[in-house]
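**Student:** The structure follows.
The values are calculated or read from the model by the stated rules, or taken from the named source; none is laboratory data. Owing to the predicted nature of the structure, the values given are computational and were not obtained by experimental measurement. Cβ sites come from the backbone with ideal geometry, for glycine too, and all protein chains shown count toward neighbours. Just so you know, the surface numbers come from the protein's heavy atoms only, side chains and all, with ligands and any DNA or RNA stripped out. Shrake-Rupley method; radii C 1.70, N 1.55, O 1.52, S 1.80 Å.
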Amino acid sequence: MTGDARSRAEVDPVSGESGAVPAAGSPDALVGAASDTIELLRAMIREACVNEGHPGSGQEIRNVRVLQRFFADAPVEMQVLEPAPGRSSLIARVRGTDPAAPVLGLLGHLDVVPVDPDGWTRNPFGGELSDGEVWGRGAVDMLYLTAAFATVLRDVALAPEKPRGDLVLLAVADEEAGGDYGLRWLLNTHPDAVAVSEVLSESGGMRMGEHVAIGAAEKGSAGRLLVVQGTPGHASIPYGARSAAYRIGDVLQQLGAVVPAAQLGELWDAFVTARIPDEDLADRLRDPVRLDAALPQLGGIAGYAYAVSRVTISPTVLRAGSTHNVIPGSGSIELDIRTLPGTTDDDVDDLLRAVLGPLSELVEIQHLRGWDATASGTDTPLFAAIERAVESVAGSPVVPIMAAGGSDARLFRELGVPAYGFGLLGPSWSYERYREGVHGHDERIDVESVALSLEALRLIVADRIG
Ligand SMILES: [Zn+2]
């Protein structure tokens, strides 16, 4: 199926078929102003820079080339850096006139996660525009923002007056697999090229009640491997043997039965205030003892609420045995553990021992790769600029939120650089809808949301460095 029918969004508002010029600030004018961004987004979706987690995948050079063409006629300084063939990132910069002014980084990734084509009703890499929506993998996560970042950078470059501060687009590879071929590598090997003083990136713009959510924190990750021992033997004579598989079962039962206690901070309070109008329910959610009993009343947002109110533990990979007829003498369980700001490695190990109880004597805890939770304060000039822009474009207050997952923005927060998850999606974009759209089937974004985000972004950039 193709999206041949010209939708309203494809009509140029100035030379449009109706011949009418929409009033500035009207919905049609907003959408018309986003037409370049929409076309750029569609082009980037079609490049299908699918990151499968191995070094040869992604091939983000294709989207780098799309951006290079987009900037071809603008005075933009461009630097292409790659740690491996095809794993390219583009650093695009417009220099400001005042060295003391902020250096605003727009951090957008170029890669997307794989698709299961059977789950899609349209071509996931077609970039179709139909009924005011752009379809395709990456439309929401996060090519629409990368395209909006690029559009604003080009406009700033083409403006007659130079900005005060530098504006830097960091269009990076490999965000979806941890950044070893993208931002992490760039920060390690080319720190000057990616040095910025404040950052806008993804994971924001969802509606929470009357509020627009802006990402101010991300949970951390503290993976663990639980190694258990048993007594091996021939499977035909199990008497006297103690299979490690049984011990894995015991540990899993215990992990499934115990819920880590809630630890509520400022962002939790902000979330409840923004999202829960029912005062009684809100009171229970602010009480760590009564919170869990109230979760089922939260409907589609319950999973998010559970995740950001505590350290979570999810068993993911089990290993025991290698041969059908041998009772395994050892086994292991991988745990995906997500931490809160302030959670230490010792806290995680103590929590595990508490959850496992007497079983912890029989389990060796090994540490897997992880990272700390990160948070940027909301008392920064950039956050204030976001608040003003969102109020101006959408008439809504902002609520800072914690993301349950991680993004490249954390690498800047770790360096002390304030970084926020930005976006300004349309009124129907609840957090739940956003979560479903990201990495799901039939990923797509409406033109209105692209236009709103672009408009707010212009205001923020003008506010900070204009
Ligand atoms: Zn993303």
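**Student:** Tabulate in residue order the Karplus-calculated ³J(HN,Hα) for region 450-466, using 6.51 cos²θ - 1.76 cosθ + 1.60 with θ = phi - 60°, rounded to whole Hz; enter x for Gly and Pro.
**Tutor:** Each residue's phi maps through the Karplus curve to give 4, 5, 4, 4, 4, 5, 5, 5, 4, 5, 5, 5, 5, 4, 7, 10, x Hz.
**Student:** Rounded to the nearest 20 Debye, what is the dipole magnitude of the chain about its Cα centre when Lys and Arg each give +1 and Asp and Glu each give -1 at the C-beta?
**Tutor:** That gives a dipole near 720 debye.
**Student:** Spin-label point model (7 Å from Cα, Cβ direction): what's the ASP118 to ARG433 distance in nm?
**Tutor:** 2.9 nm
**Student:** Determine the share of region 218-371's accessible area contributed by carbon and sulfur atoms, expressed in whole percent, with a 1.4 angstrom probe.
**Tutor:** Summing carbon and sulfur atoms, their accessible area is 53 percent of the total for region 218-371.
**Student:** Something else: Testing the spin-label approximation: label points 7 Å from Cα along Cα→Cβ at ALA354 and ALA307. State their distance in nm.
**Tutor:** Computed distance between label sites ALA354 and ALA307 equals 2.3 nm.
**Student:** Using the C-alpha atoms of the chain, what convex hull volume per residue, in cubic angstrom, is computed?
**Tutor:** Per-residue hull volume (Cα only) is 164 Å³.
**Student:** Using amide H atoms built 1.01 Å from N in the peptide plane, name the residues 5+ places from SER330, or on other chains, whose amide H lies under 5 Å from its own.
**Tutor:** GLY230, ALA244, GLY321
**Student:** Between GLN68 and ASN325, what is 0.36 nm times their sequence separation minus the Cα-Cα distance? Round to one decimal in nm.
**Tutor:** 86.6 nm
**Student:** Let me ask something else. Report relative contact order for region 218-371 in percent, whole number only (criteria: Cα-Cα under 8 Å, sequence separation at least 6).
**Tutor:** Here the relative contact order equals 46 percent.
**Student:** Rounded to the nearest whole Å², what accessible area per residue is found for region 218-371 with the 1.4 Å probe?
**Tutor:** 52 Å²
**Student:** Sticking with this one: Run the simple label-point estimate for THR231 and ASP283 please: 7 Å along Cα→C-beta, distance reported in nm.
**Tutor:** In this crude label model, THR231 to ASP283 measures out at 5.8 nm.
**Student:** Within region 34-113, list the trypsin sites (Lys or Arg not before Pro) lying in a DSSP loop whose Cβ has at most 13 other Cβ atoms in a 10 Å radius.
**Tutor:** When the trypsin sites (Lys or Arg not before Pro) of region 34-113 are filtered for loop state and at most 13 Cβ neighbours within 10 Å, nothing remains.
**Student:** Now for a different question. Apply the Karplus parameterisation 6.51 cos²θ - 1.76 cosθ + 1.60, with θ equal to phi minus 60°, to every residue of region 206-223 and state each ³J(HN,Hα) to the nearest whole Hz, in sequence, with x for glycine and proline.
**Tutor:** Karplus values, whole Hz, x for Gly and Pro: 6, 8, 10, x, 7, 9, 10, 7, 10, x, 10, 8, 9, 5, x, 10, 9, x.
**Student:** Related question: On the principal axes of its Cα set, how long, how wide and how thick is region 218-371? Give whole Å, largest value first.
**Tutor:** Projected onto the principal axes, the Cα atoms of region 218-371 cover 62, 29, 25 Å.
**Student:** For region 87-137 and region 381-402, what is the separation of their Cα centres, given in Å?
**Tutor:** 22 Å
**Student:** Work out how much length ASP345 to THR189 would gain on full extension: take 0.36 nm times their residue separation and subtract the Cα-Cα distance, in nm to one decimal.
**Tutor:** Between ASP345 and THR189, full extension yields 53.4 nm more.
**Student:** Please list the non-local residues whose amide H lies under 5 Å from the amide H of ARG224, H modeled 1.01 Å from N, same-chain partners needing a gap of 5 or more.
**Tutor:** Placed amide hydrogens put LEU335, ILE337, LEU368 under 5 Å from ARG224.
**Student:** Follow-up. Dipole of region 218-371, Cα-centred, from +1 at each Lys and Arg C-beta and -1 at each Asp and Glu C-beta, to the nearest 20 debye?
**Tutor:** Using only the charged Cβ atoms, the result is roughly 640 debye.
**Student:** Now for a different question. Quote to one decimal, in nm, the extra length available between ALA245 and ARG290 on full extension: 0.36 nm per residue of separation minus the C-alpha distance between them.
**Tutor:** Once the chain is fully extended between ALA245 and ARG290, it gains 12.6 nm.
**Student:** Given the options THR273, ALA419, MET208, identify the residue whose Cα lies farthest towards the positive end of the charge dipole of the chain (+1 on Cβ of Lys, Arg; -1 on Cβ of Asp, Glu).
**Tutor:** Farthest towards the positive pole: ALA419.
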